[in-house]
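Undergrad: Dropping the structure in here first, questions after.
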Amino acid sequence: MEDTTGYDVYLGLDVGKTAHHGCALLTDGTKVHDKPLPQDEAQLTALFDQLKTHGRVLLIVDQPNTIGALPVAVARATDCGVAYLPGLAMRKAADLYPGQSKTDPRDAFIIANTARTMPHTLRAVDRNDEVLSALKMLSGLDDDIARDCTRTINRLRSVLVQIYPSLERVLPGDVIQRPFVLELLIHYGGPTKLKKSGKNRVLTWARNHAKKNPDRLIEDIFTALDAQTVTVPGTAAAEVAIPMLATNITALKAQRESIAGQVEEMLDEFPLAQVLMSMPGVGIKTAANILLAVGDCSDFPDAAHLAAYAGIAPVTRRSGTSIRGEFPARSGNKRLKNALFRSAWVASNCHPASKTYYEKKRAEGKRHNAAVMCLARRRCNVIFAMLTNGEFFRELPARPAGESVAA
């Protein structure tokens, strides 16, 4: 939640690629500005300076990054506050206003008035920190590459299923992504050339290129090849596509490794990253995602608020006697939620205290995901304390029976 106390002007900005629309309201709702605004530093600065004659200015944007990055940077340079109204909150707030039209002036007014009347809906925008900005850029790029890589892998498997289902079955998702298997598909192209080369020749090549003993995999591949004697129409074209797809996957994985290396170098210079990675289950990527989402946690008054923002705190629902209980939250920061869940799952396998807590929840009848989420919520308290105090993770002494176990 963003602190919006002490501001006199709320400037809602519906950002656009070439131009924005700004609507500025005073604390009593008086409109003092409602005009289009080019994506231009000089004109943005002039507007902020003009509005500052009314008092302190808070800029509220619906997109703090990409096309909204320049207004945010200029606002900070002119000592204006900055806040972010998430898209879901924006859509819910729009339903409170009459009319179904969607125009830039209407959206800008809704953004400004929501910030003025419902400040709890606002979120903080990442601080002007070069490391965090670079991490956000690289993390977004890595996410895009990861999606491209997944699509390409699925396409490769689809091609194999089409022409040789038995071969695809011995190359499941985790196997077909191995560098050695991709190199094998690039070199031989597909089932036709593999069969023509023969098992002994392929095995010799594999032993020279694989880091581990490839005998079992090659045996499975040729058993699958022998299971099909007919040639499916389109096989020749598929065997042109197979090495291309395998080459693309290899290149995409190399790009992700390069990004991971750059992220690691950046995190080496960021003290809070080392604090986070001292916690069992938190690696480089997880630490980067947590820092991108919450920074140093200074925007959250306590761990409960952090858990609510992440969407890992249960939501109470009660209506008379028919609906009573707590249910998983459907909202929250998805990136942060996934990072906390993933780190908790890893810790439940490698960290004794976390494993004990996970098994305790399983013994209470909770399913795997629910038990991991309970552990993530528990670890959220620890992460909040570590980031706010700048302290490395440390094991707490064992507590008497009946008390909770340290996560």
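Undergrad: Report, ordered by the first and then the second residue, all pairs with beta carbons closer than 6 Å, sequence separation of six or more or different chains, a first member in the stretch 50-75 that is acidic (Asp, Glu), and a second member that is at pLDDT below 90 and not in a helix (DSSP H, G or I).
TA: 62/85
Undergrad: If you don't mind, there's one more thing I want to ask. Quick one: would you say residue 210 is more than 20 Å from residue 165 (Cα to Cα) and surrounded by 13 or more Cβ atoms within 10 Å (Cβ to Cβ)?
TA: yes
Undergrad: Now for a separate question. Please work out if residue 183 is without any contact (Cβ under 8 Å) to a residue 24 or more places away in the chain and either in the same structural domain as residue 217 (by TED's automatic domain parsing) or part of a helix (DSSP H, G or I) (or both).
TA: Judged against the criteria, residue 183 is not a match.
Undergrad: How many residues does the stretch 221-238 contain that are in contact (Cβ under 8 Å) with a residue 60 or more places away in the chain and assigned to a helix (DSSP H, G or I)?
TA: Here the count works out to 4.
Undergrad: Please list, ordered by first then second residue, the pairs with beta carbon atoms under 8 Å, 6 or more apart or interchain, first in the stretch 28-45 and on the phi > 0 side of the Ramachandran plot, second surrounded by 14 or more Cβ atoms within 10 Å (Cβ to Cβ).
TA: Here the result reads 29/113; 29/116, each pair linking the stretch 28-45 to a residue that is surrounded by 14 or more Cβ atoms within 10 Å (Cβ to Cβ).
Undergrad: Just wondering, is there one or more residues in the stretch 319-331 that are at pLDDT 85 or above, closer than 29 Å to residue 139 by Cβ and surrounded by fewer than 20 Cβ atoms within 10 Å (Cβ to Cβ)?
TA: No.
The values are calculated or read from the model by the stated rules, or taken from the named source; none is laboratory data. Fair warning: this is a prediction, and the values are worked out from it, not measured in the lab. Don't worry about glycine lacking a Cβ; one is built from the backbone with ideal geometry, like all the others, and counts go over all protein chains shown.
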